[in-house]
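Shown next, in structure tokens, is the structure this report addresses.
The values are calculated or read from the model by the stated rules, or taken from the named source; none is laboratory data. What you are looking at is a predicted structure, and each value in this text was computed from that prediction instead of being measured. All Cβ positions, glycine included, derive from the backbone under ideal geometry; neighbour counts span all protein chains shown. For the accessible areas, the whole protein counts, side chains as well, though only heavy atoms, and no ligand, DNA or RNA atoms are used. Shrake-Rupley method; radii C 1.70, N 1.55, O 1.52, S 1.80 Å.
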Amino acid sequence: MAKTPLTLSRHFLLLAIFSLFLLFPPSIAITVETQALLQFKKQLKDPLNSLETWKEDSKDSPCDFAGISCDSNSRRVIKISLENKSLSGEISPAIAALQSLSSLVLTSNSLTGELPPQLIKCSNLQILNLTENDLKGTIPDLSALTNLQVLDLSQNYFSGRFPDWVGNLTGLSALSLAQNEFDEGEIPENLGKLKNLTFIHLAGSSLIGEIPDSIFGLKSLQTFDFSSNKLSGIFPKAITTLRNLNKIELFSNNFTGELPAELANLTLLREFDISRNQMSGKLPAEIGNLKNLLVFQLYENYFSGEFPQGFGDMQHLAFISIYRNNFTGEFPANIGRFSLLESIDISENGFSGGFPRYLCENKKLQFLLALDNKFSGELPESYAQCKSLERFRISKNGLSGNIASGIWGLPSAKIIDFGDNGFSGGVSSEIGISTGLNQLFLQNNKFTGDLPLDLGKLTQLERLSANNNTFSGKIPSQIRNLKQLSSLHLEQNSLTGSIPPELGECIKLVDLNLASNSLTGDIPSSFAHLSSLNSLNLSRNKLSGLIPVNLCKLKLSSIDFSENQLTGIVPYDLLMMGGDQAFSGNNGLCIDQKFVNQIHSGLGVCNGSHNNKKVIENKLVLVCIIASALIIILAGLLLVSYRNFKHNESYMENDLEGGKEKDPSWKLESFHQKEFDAEEICNLEEENLIGSGSTGKVYRLDLKKSGGTVAVKQIWKGKEVKVLTSEMDILGKIRHRNILKLYACLMRGGSNFLVLEYMANGNLSQALRRQIKGGKPELDWIQRHRIAVGAAKGISYLHHDCSPAVIHRDIKSTNILLDEDYEPKIADFGIAKIAEESSKGLDSSCFAGTHGYIAPELAYSLKVSEKSDVYSFGIVLLELVTGRSPIEPDYGEERDIVYWVSTHLSSQENTIKVLDQRVSGSHEDDMIKILRIAILCTTKLPNLRPNMRDVVKMLVDADPSIFTAIAEKNQDKY
């Protein structure tokens, strides 16, 4: 019987419904996956609200969740991609319910805790990428994930043995377990079973021994990275059989021997880095046939002989770094002629002959570093066209002749270093084109002529060294425009005229040396505005007149006005800073008669020629006496009224504040064994004053009885009970190498003294601003990092190992003291609080802390917490990294160092500008690691800051490589 149209339509409807059931199975599975994802979200902190769309009542949950991808047919979750979302918290085991999951990517977050072993239930997983998190513990055995193709768990804190079960994941094409904290161990032989591997990245994995032969059976490998381990043995010749390699990274290991000529067989090789090993011998000429090379680095080895000429014919070479080897002979003349060279560093070798002229032939060169070689002849004029150059450093060679005008005008240049050569002629006015210049080194040459007025256009200049030349004429007044200038060395020239007072407008000057010229006139009183000045040398000139008294405001560690024609009184404070030697050779100088008995000086005593000054002083004394009498009369009237109002209480107060002791003997409480005389402690001399803070003055005292040296803190009047209780309760009980030691407390009537460990190198703030011989900063990066670790350990001890925990509340660089070995110790617990009290809701009785270090949450709440200390310590880290103060005028009104740093994080180039250029050199990467930690510590929300235990761990992990501890032969290498 024929089917009616109605029957056909019913059949079609049933078929459609059946198809829908096939396409969309019952929603129970989807509900399970939704719940699993919501549980996953529940264990995470999401400050950016990246997971805001993850809601149970979502229209198409979970497939419309941000970062979630579903299969178009089954609607099951197949991908989770939440890269760089600032997520923290732990990965929930609930993720195991996503049985169709093929890709899990959670890179660049702050995830903590351990990796859940339940992940093995996601049997379809092909990509597992959790790089750049804070995961820890042992990596669970994931060998059951037989479909896995990409495993990337790099840059975490995984520990324990290196996971040898990885050798069972035979489907892997990419393996990265780099930068974790595995126990030292050898490379597992069974990694040789991963025949599909094209990418292996095991840098920084605590690997030791030799690379097993099985690894060289992985013929599909394209990237071979075992850098930053402790691998040893002769450089493996077998690596040359891996013909698909395009990248070899074996830097920072202990390989020895020579490079094999067979390396030339790797015709696809583009990047090669075996820097920081112990390799030697000559480079085979055949290596010059690697025509696809883009990057070639083997710095800090012991290679010798000539550099292969074949490199001059390469057309792709962009980066070459071979510094600190023993290469000799002429450098290949054609390098850069046929390639887009961007960076070259051939410093600290023995290259000779003429300077290579084609390095910037294609106008892409940014970094040219050729320091400390034996190049001779003139600098090729072709570099005048190299407008891309940012760092141009060719010091410590034998170059000579005039420098072409155009070479001075490099608009992109940050550093120009022509120092320690034999250059002659003048500095071209085209120097004014180099407006981005930070550092200009011209010292120890034969330059002549005037300093160009166009130097005033270099408004970003921080360092100018032109000493030991034959510059003449006047110092240009345009120097006033150099507001960023911190170091100016013009000594040993033939400069004449007066010192421009405009130099006093360079308020960031730390080091000023104009010695050994023919300068005349007065010392500008405007120098008193140079509040950051640490070293001032005007010796061996023809300066005359009086020494400005207002220079006493400066906190100088080095001063030299000797061998001039100065006259008049030497200000007492300056004499204390520099001693007689700083003022010798000035026949007209003398010391004030009233200081004769206080100082033993070889300078003459001033006669009565300064009567006018004495008259003025007498008038001032008279005014002071009258004012004091009025104050005393008023105070007396107030005191009488107060006595009548509250006789008994006023009597007690008068007894304390007036020092009328009820008990004539000293009360001594001792915490560490130390012999001293109580009377010796209380007889302190102002000349031994070493510091003054919010809670009292601190003096240095050399003990006569025991022969040691201590610091004595005299507590300010009115703060005795509060400060003594706090410091005694805390310092008296705790014992830690990074906490200042309290020996004893002495009390009598209204006098109170703390006897503390003496710290020979003062506080961190001072040390950061001091310089040593040659203008170098007192603290290099290695020392700064060690100080950061030590200080962090001290604070971590207070927070996590004291019971109850102690909150310091005033962490700052001036409260981090340094002993003779620069070991840091946390000091000044006068306003510290016990965390147990704070947790009960105890508000601080006052707004504690120091401007620039105070955590932002304290603007709306005075409840203290450990995270406030973490913020303050983050500011200290920023000081260590940048060399700058927490508050500076050029940050902007009501802005601080945290804001200033945040404006420089848009790119790697801008970030590098934040670093203290005096110490960065080869430590840029290490400093940026600490900068990242500082940024974490100064996060606005307290709950997003790490605790101090984590900070210590991160700082220890960022310890500079032992190779960077090798003394740099050139402090300004970079």
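Spin-label model, Arg895/Phe595: points 7 Å from Cα along the beta carbon direction are separated by 4.1 nm.
Each of Arg391, Arg945 has its accessible area taken with a 1.4 Å probe; listed largest first, they run Arg391, Arg945. The heavy atoms of Thr223 offer some 20 square angstrom of accessible surface to a 1.4 angstrom probe. Among all the aspartates and glutamates, which ones have a C-alpha under 17 Å from Lys396's C-alpha, if same-chain residues fewer than 8 places away are not counted? Straight-distance partners of Lys396: Glu330, Asp345, Glu348, Asp372, Glu378, Asp417, Asp420, Glu968, Asp972.
In the calculated pair distance distribution of the stretch 497-574, what percentage of Cα-Cα distances lie above 17 Å? Display every interim value, and only then the final one.
Numbers: 1130 of 3003 pairs.
Value for the stretch 497-574: 38 percent of Cα pairs lie more than 17 Å apart.
Length gained on full extension, Ser692 to Lys542, computed as 0.36 nm times the residue gap minus the Cα-Cα distance: 50.1 nm. Across the cross-link table entries Lys483/Lys555; Lys247/Lys291; Lys230/Lys913; Lys867/Lys953, which are compared at the Cα atoms, the separations over 24 Å belong to Lys230/Lys913. Computed from the C-beta positions of Ser412 and Thr31, the FRET efficiency with R₀ = 45 Å rounds to 0.15.
Hey, what's the Kirkwood Rh for the stretch 147-280 if you take every pair of different alpha carbons, in angstrom?
14.8
Between the beta carbons of Ala333 and Ser173, assuming R0 = 51 Å, the FRET efficiency works out to 0.75 to the nearest 0.05. Figure note: Arg784, Arg463 ranked by solvent-accessible area, largest first, 1.4 Å probe, ligands and nucleic acids not counted: Arg463, Arg784.
Distance between the pseudo-spin-label points of Asp141 and Asn124 (7 Å out from Cα toward the beta carbon): 2.6 nm. For the stretch 251-285, the list of GluC sites (Glu not before Pro) that fall in a loop by DSSP and count at most 15 other C-beta atoms within 10 angstrom reads Glu258. Counting only protein heavy atoms and using a 1.4 Å probe, the accessible area of Arg895 comes to about 110 Å². In summary, the aspartates and glutamates within cross-link reach of Lys697, defined as a Cα separation below 16 angstrom excluding same-chain residues under 8 places away, comprise Glu685, Glu686, Glu687, Glu720, Glu727, Glu757, Asp828. Treating each Cα of the stretch 260-350 as an identical point scatterer and summing with the Debye formula, the log10 of I(q)/I(0) at q = 0.13, 0.19, 0.22 Å⁻¹ comes to -0.36, -0.84, -1.17. Using the Cβ-Cβ distance between Asn326 and Glu286 with R0 set to 25 Å, the FRET efficiency from 1/(1 + (r/R0)^6) comes to roughly 0.75. For a paramagnetic label modelled on Ser376 (point 7 Å from Cα along Cα→Cβ), amide N atoms under 20 Å away belong, within the stretch 290-333, to 305-307, 327-333. Could you state the accessible area per residue of the stretch 129-214 in Å², with a 1.4 Å probe and every protein chain left in place? So the stretch 129-214 comes to 38 Å² accessible per residue, rounded to a whole number. Averaged across orientations, what area in nm² does the convex hull of the alpha carbons in the stretch 867-931 project? Value for the stretch 867-931: 4.6 nm². Principal semi-axes of the equivalent ellipsoid, √(5λ) from the alpha carbon gyration tensor of the stretch 402-513, are 19, 17, 13 Å from largest down. For the stretch 284-351, the set of trypsin sites (Lys or Arg not before Pro) satisfying both a DSSP loop assignment and a count of at most 14 other C-beta atoms within 10 Å is given as Lys291. Spread over its residues, the convex hull of the C-alpha atoms of the stretch 75-203 is 93 Å³ per residue.
Give me the Kirkwood hydrodynamic radius of the stretch 365-407, using the inverse of the mean 1/r over all pairs of distinct Cα atoms, in Å to one decimal. Working shown, then result.
On the way: mean 1/r = 0.0916 Å⁻¹.
Evaluated over the stretch 365-407, this radius sits at 10.9 Å.
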